[in-house]
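The structure under discussion is supplied below as structure tokens; questions concerning it will follow.
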Amino acid sequence: MNWNNIRLIYLKEIQGAIRDRRTLISMIVIPLIFYPLLFLVIGYFSVLGQKNSEAQPSAINIIGEANATQLVTLLKQDKDIEIISSESEANPEHELMEGSIHLTIQIPDMVEENYTGESKTTPKPIIIEYDSTAQRSQTARKRVLALLEHYREGLIRVRLNKIGLESDFLEPFQEQWLDLAPQEKKVGFLLGSILPHFIIILIFVGAMHSAVDITAGEKERGTMATLLVSQLSRLEIVLGKYFSVMTISAVSMFLGLTGLSIALLVPALLLGETFLAGLHFSTTIFFLFLLTLIPLVGLASSILILIGIFARNNREASTYITPIYMIAIFLAMISLSQGIELAKPLFLIPILNNSFVFKELLIGTIDKTHLFNTVVSNLLLALLALRAATRMFQQENVLFRS
């Protein structure tokens, strides 16, 4: 095996990727322009919709106003609430689902009865109906909940005074919660919930096009035979292509993370938020992050190279890659679930192990067993896939099958 030959194949594939407009679009334009614009537009319209919903008064239908005059007075005094009284046979549920009203309050009898301390009956509930799928109904619910809490506190004070007790009778003690987690760990926990998922997706997205193009694509274009009749060994050809896919995947991932950082940081800076300022990577954490990231890039590249060599053409390769990509997304999404902890043997499962190790490193936790299992298992699987790709590349019936 001659490393100079491997370098020649590597440079050839990198130059081909640079000349390929589709590769440049997937590597540069989409990560650095499309991702930030996409997230900024989504964020802008989400904030705009929430502001529009909060700027308009909530139309609330009250059934049984006479049963709670104090509550009705509180609701009427709120400038963000518009009362729509209804004691008729109208269908408030239908109006609520249509959006003409945003919330309905059904007040039972005797809510504000004179309390004597001798009543043994359980009070009937105040029924509040809303539409959880409508933003304006959600806003109305939030406004009414705040007023109901104020109303409840007022009734409690009145009842306590009637039996000769002060309002602090219901508060025998006060609690003070102190969050001991440092700001760095809080930010790491937040990023650790979403960043590993994006990293894994970006690795596969960056490697897919180039891996298929330099294997199944060359078969389809008929340029593979020219490469095979050269003095280069099959192993040198596979390794050169493999390292080029790794490079393209790593660069695409880095640019994708840069684009996502822009999408997160620009709105935060415009709004004066500095929550990411507490995140600081030590040299050790950064080194361990790379140590677990490189085998993952190698594993993804080797699997995609193997599929590309086996496939007859681009279309067939895309068919094989789709379920692999979906499995990778599924394994990455498991880390998004809060409270899930993997048993140590599960850290031998590729992609799943990286998701949780990345999450641990972002929080600042270093578990040597988890790191060792993750790195070793990914390296072994990458080597096995690369060996299988090399053996397959040596079979003429695979390379030239129709």
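The values are calculated or read from the model by the stated rules, or taken from the named source; none is laboratory data. Note that the structure is a prediction, hence the values are computed from the model and not measured. Neighbour counts are summed over all protein chains in view; Cβ atoms, including those assigned to glycine, are modelled from backbone coordinates with ideal geometry.
Taking region 1-45 as the search range and keeping residues that are of a type in the set (Ser, Thr, Tyr) and closer than 21 Å to Ala250 by Cα, which one is modelled with the highest pLDDT?
Tyr10
Please note which helices (runs of 4 or more DSSP H) are completely contained in region 350-402 and include at least 1 residues that are at pLDDT below 90 and farther than 30 Å from Asn314 by Cβ.
Passing ranges, in order: 352-363, 368-393.
Can you pull out the residues in region 44-78 that are within 30 Å of Ile262 (Cα to Cα), surrounded by 13 or more Cβ atoms within 10 Å (Cβ to Cβ) and either polar (S, T, N, Q) or outside the structural domain of Ile105 (by TED's automatic domain parsing) (or both)?
If the condition is that a residue be within 30 Å of Ile262 (Cα to Cα), surrounded by 13 or more Cβ atoms within 10 Å (Cβ to Cβ) and either polar (S, T, N, Q) or outside the structural domain of Ile105 (by TED's automatic domain parsing) (or both), then Gln50, Ser53 are the ones that fit.
Looking only at region 199-247, which residues are among the small types (Gly, Ala, Ser), farther than 18 Å from Ala311 by Cβ and part of a loop (DSSP other than H, G, I, E, B)?
Ser230, Ser233
Exactly one condition in (1) surrounded by 13 or more Cβ atoms within 10 Å (Cβ to Cβ); (2) within 23 Å of Thr139 (Cβ to Cβ); (3) of a type outside the set (A, V, I, L, M, F, W, C) is false for Lys12; which is it?
Failing condition for Lys12: (2).
List pairs: first in region 1-28 and under 15 Å from Thr215 (Cβ atoms), second among the basic types (Lys, Arg), Cβ under 7 Å, 6+ apart or cross-chain?
Close Cβ pairs satisfying both conditions: Ile9/Lys241; Glu13/Lys241.
Every residue in region 309-356 that is closer than 30 Å to Thr223 by Cβ, of a type in the set (Gly, Ala, Ser) and either surrounded by 18 or more Cβ atoms within 10 Å (Cβ to Cβ) or in contact with a strand residue (DSSP E or B) (Cβ under 8 Å, 6 or more places away or on another chain) (or both), please.
Ala311, Ala317, Ala328
If you don't mind, there's one more thing I want to ask. Of the residues that sit in region 110-137 and are surrounded by 11 or more Cβ atoms within 10 Å (Cβ to Cβ), among the charged types (D, E, K, R) and assigned to a loop (DSSP other than H, G, I, E, B), which one is modelled with the lowest pLDDT?
Looking at the filtered set, the residue picked out is Glu112.
May I ask you to list the residues in region 357-374 that are buried (at least 21 other Cβ atoms within 10 Å of the Cβ) and either out of contact with any Gly (no Cβ under 9 Å at 6 or more places or on another chain) or outside the structural domain of Ile309 (by TED's automatic domain parsing) (or both)?
Val357, Thr374
So, one more: From the list Glu166, Glu218, Glu149, exactly one residue is free of Cβ contacts under 8 Å to residues at least 12 places away in the same chain and buried (at least 17 other Cβ atoms within 10 Å of the Cβ). Which is it?
Going through Glu166, Glu218, Glu149 in turn, just one is free of Cβ contacts under 8 Å to residues at least 12 places away in the same chain and buried (at least 17 other Cβ atoms within 10 Å of the Cβ): Glu218.
Same structure, new question: Report whether or not Leu160 is modelled with pLDDT of 80 or more and part of a helix (DSSP H, G or I).
In short, yes.
Looking at region 24-67, which of its residues are touching a helix residue (DSSP H, G or I) at 6+ places or on another chain (Cβ under 8 Å) and closer than 30 Å to Pro108 by Cα?
Ser53, Glu54, Gln56, Ser58, Ala59, Ile60, Asn61, Ile62, Ile63, Glu65 - these are the residues of region 24-67 that are touching a helix residue (DSSP H, G or I) at 6+ places or on another chain (Cβ under 8 Å) and closer than 30 Å to Pro108 by Cα.
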